[in-house]
Amino acid sequence: MTLYINCCVREESRTERLAKAVLQKLGGDFTELKLYEETLKPLDMESLNKRTVLIEQGDYSDPMFDYAKQFASAGTIVIAAPYWDLSFPATLKTYIENIYVTGIVSAYDESGMPVGLCNAKELYYITTTGGPYDPTYSYGYIESLAKSFFGIPETYLAKAELLDIDGYDADAILNREINRILKNGVL
């Protein structure tokens with residue numbers, strides 16, 4: 001099963017258009033999680049304490065662990081997140097905070113090193129940006145989490161950049177990238 005994590009808030013999202021091309025190329029069914037329609041909240045003292053107690057008890061039956069279970073069980077992950085303020089929307093960080101559950105998405109070995117527990121073999125990160133793209137605090141962050149903590153060995157970036165620069169044709173840039181993905185895949 002492919003889990004499509006949609007962080008796009010705009011109705012005419014360019015990032016979502018690009019993500020739909022990736023999903024089409026991947027084929028098969030997918031489950032879409034529209035983060036802006038979810039009731040995600042950052043962890044606070046109460047929820048963090050509750051989570052800690054349940055993890056220590058090995059009790060993952062509480063609904064607070066549902067997102068983590070869904071993420072860990074997916075065979076492929078596709079994240080669509082526009083490039084905002086040199087990163088991604090805060091709702092994606094809140095989602096990550098909620099899914100990073102020891103015992104579900106990762107564990108620690110006897111030397112204290114993280115061991116990923118996720119089923120996914122690949123993660124696709126999709127983004128668009130009005131100016132030039134620097135992946136350091138967006139894709140780079142997700143790639144590091146995927147490989148070092150979630151156990152997802154392959155990550156791929158699909159992007160369309162310079163979409164809001166005067167003199168550039170945003171539709172042509174986006175359509176060129178969509179056509180490239182549909183023809184050749186993300187790589």
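The values are calculated or read from the model by the stated rules, or taken from the named source; none is laboratory data. Owing to the predicted nature of the structure, the values given are computational and were not obtained by experimental measurement. Using ideal geometry, Cβ is built from the backbone for each residue, glycine included, and neighbour counts are taken over all protein chains shown.
The set of residues in the range 1-56 that are acidic (Asp, Glu), loosely packed, with under 13 Cβ neighbours inside 10 Å and under 20 Å from Ile96 (Cβ atoms) comprises Glu37, Asp44, Glu46.
Of the helices (runs of 4 or more DSSP H) entirely within the range 22-113, those holding at least 1 residues that are under 16 Å from the mean Cα position of the chain (by Cα) occupy 66-73, 90-99. Only one of the numbered conditions (1) in a strand (DSSP E or B); (2) free of Cβ contacts under 8 Å to residues at least 40 places away in the same chain is not met by Leu3, and that is (2).
The single condition among (1) surrounded by fewer than 18 Cβ atoms within 10 Å (Cβ to Cβ); (2) farther than 30 Å from Met113 by Cβ; (3) touching a residue at least 24 places away in the same chain (Cβ under 8 Å) that Ile178 does not satisfy is (1). Of the residues making up the range 1-11, those that are under 12 Å from Pro82 (Cβ atoms) and out of contact with any Phe, Trp or Tyr (no Cβ under 7 Å at 6 or more places or on another chain) number 3. For the range 129-136, does any single residue satisfy the condition of being modelled with pLDDT of 95 or more, buried (at least 20 other Cβ atoms within 10 Å of the Cβ) and touching an Asp or Glu at 6+ places or on another chain (Cβ under 8 Å)? Checked the range 129-136: at least one residue is modelled with pLDDT of 95 or more, buried (at least 20 other Cβ atoms within 10 Å of the Cβ) and touching an Asp or Glu at 6+ places or on another chain (Cβ under 8 Å).
For the range 165-187, what are the residues that are part of a loop (DSSP other than H, G, I, E, B) and under 14 Å from Thr127 (Cα atoms)? Steps first, answer last, please.
Taking the range 165-187 as the starting set, the residues that turn out to be part of a loop (DSSP other than H, G, I, E, B) are 165-169, 185-187.
The answer is Val186, and nothing else.
Glu122 meets each of the listed conditions (1) modelled with pLDDT of 95 or more; (2) charged (D, E, K, R); (3) out of contact with any Asp or Glu (no Cβ under 6 Å at 6 or more places or on another chain) apart from (3).
Is the range 140-147 home to any residue that is part of a loop (DSSP other than H, G, I, E, B) and surrounded by fewer than 18 Cβ atoms within 10 Å (Cβ to Cβ)? Step through it out loud before you land on a result.
Filtering the range 140-147 down to residues part of a loop (DSSP other than H, G, I, E, B) leaves none.
There is no residue in the range 140-147 that is part of a loop (DSSP other than H, G, I, E, B) and surrounded by fewer than 18 Cβ atoms within 10 Å (Cβ to Cβ).
Within the range 165-175, does at least one residue satisfy the condition of being buried (at least 16 other Cβ atoms within 10 Å of the Cβ) and free of Cβ contacts under 8 Å to residues at least 24 places away in the same chain? Yes, the range 165-175 has at least one match. Scanning the range 108-128 for residues that are surrounded by 14 or more Cβ atoms within 10 Å (Cβ to Cβ) and farther than 18 Å from Ala74 by Cβ gives Pro114, Thr127, Thr128. Taken over the range 103-128, residues that are touching a Phe, Trp or Tyr at 6+ places or on another chain (Cβ under 7 Å) and under 25 Å from Pro42 (Cβ atoms) amount to 9. Checked against the criteria, Tyr100 counts as aromatic (Phe, Trp, Tyr) and under 21 Å from Ala120 (Cα atoms).
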